[in-house]
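Colleague: Following this message is one structure expressed as structure tokens.
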Amino acid sequence: MTRNRFGWALLAAVLSFIPGLSTGQLACPSSGVTFSVTGPAPVPAELVGLAPTRGVDGVGFNSLLEAPLRISPGIDSVDDACAALPAGIFAGAIALVRRGVCSFTTKVNNASAAGAIAVIIANTNSGQLSALVPGTTIPAFTVTQPEGNALRDFGQTNPGTATARLISCTDVFPPDPPSGVSVSALAGTATVSFTAPASNGGAAITSYTVTCTSSDGGAAGTTTGTSSPIAVTGLTVGKTYTCAVTATNGAGTGSASAGVTPFVMQAPQPIPTLSEWVMTLLAGLIGIATFGSLRRRVF
């Protein structure tokens, strides 16, 4: 979330909290893909880190996909997804359908027409299944019958809220967003501190970029550096700003961090001149002398 690679590190972190499992037991599956249910919590341990089989002669998959998990209404029938499905039933989701009496291509294409962006096909027995899916336009994978049943049960228990993640764990991705962003601002300079991303995407981070933008007409500023903190100069005193940070590796630039709470760029505090220091000192001495004189008169 290794993602050797982006999400794989996250997966390892999740599994590290499951009794009996440790990150040392993790390895990228031979298929190069892992599939996990991500919510709502609690997610059963058996639904984290599944190793689905890639569809044969279908669309390739070397990315990370996070989306709602939707269960086919005919998941327990032999002709599940063999006919057109209700429009939009899988809109923007990973669809779970069941193996049955029609071709795998038909099932995947019907799910795609109903809005699915990927399809998981549950086998009708406990073994692994290699599905031929030529002529399809979205990624397709298969899981065993027990895995499919567990996914079905979770999805039906959490209709409309179940989510899942597909990860190609043999590829490098842009880093996660940096976190813990804070700013110290004075005299047109915002000094931005941050914490490195939870995952570097499977490759070393080469740079960080801080961008500060104004909501009321101040000059924007961007600075790139290799570590925290990074100073952004040339900002407008008296204007309101937010700053965000991105991380970059060999695969590209990741998403921006959450912006810091808006702040107003403060003007520099004037430094007293020598004569001002002398006048202040003299005023203090006169005050002390006057106070002493008054005490002698009173007492």
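Colleague: Sort Val43, Val119, Val37, Val237 by Cβ crowding within 10 Å, fewest neighbours at the top.
Modeller: Sorted ascending by nearby Cβ count, the order is Val237, Val43, Val37, Val119.
Colleague: Ranked by Cβ crowding within 10 angstrom, fewest neighbours first, how are Ile230, Ile71, Ile117 ordered?
Modeller: The fewest-first ordering by Cβ neighbours comes to Ile117, Ile230, Ile71.
Colleague: Additional query: Calculated FRET efficiency, Asn158 and Cys102, Cβ-Cβ r, R0 35 Å, to nearest 0.05?
Modeller: 0.80
Colleague: Once phi is turned into ³J(HN,Hα) by the Karplus curve 6.51 cos²θ - 1.76 cosθ + 1.60 with θ = phi - 60°, what whole-Hz value does each residue of the range 187-202 show in order, with x for glycine and proline?
Modeller: 6, x, 10, 9, 9, 9, 9, 7, 9, 4, x, 4, 10, 8, x, x
Colleague: To check my understanding: the extent here is largest minus smallest coordinate of the Cα atoms along each principal axis. What are those three numbers for the range 179-264, in Å, largest first?
Modeller: 41, 19, 18
Colleague: For the residues Met265, Met279, what sequence is obtained by ranking on other C-beta atoms within 10 Å, fewest first?
Modeller: Met279, Met265
Rule-based calculations on the coordinates, nothing more; no lab input. All figures in this text were calculated on a predicted structure; none of them were measured in a lab. Note: ideal-geometry Cβ built from the backbone for every residue, glycine included; neighbour counts use all protein chains shown.
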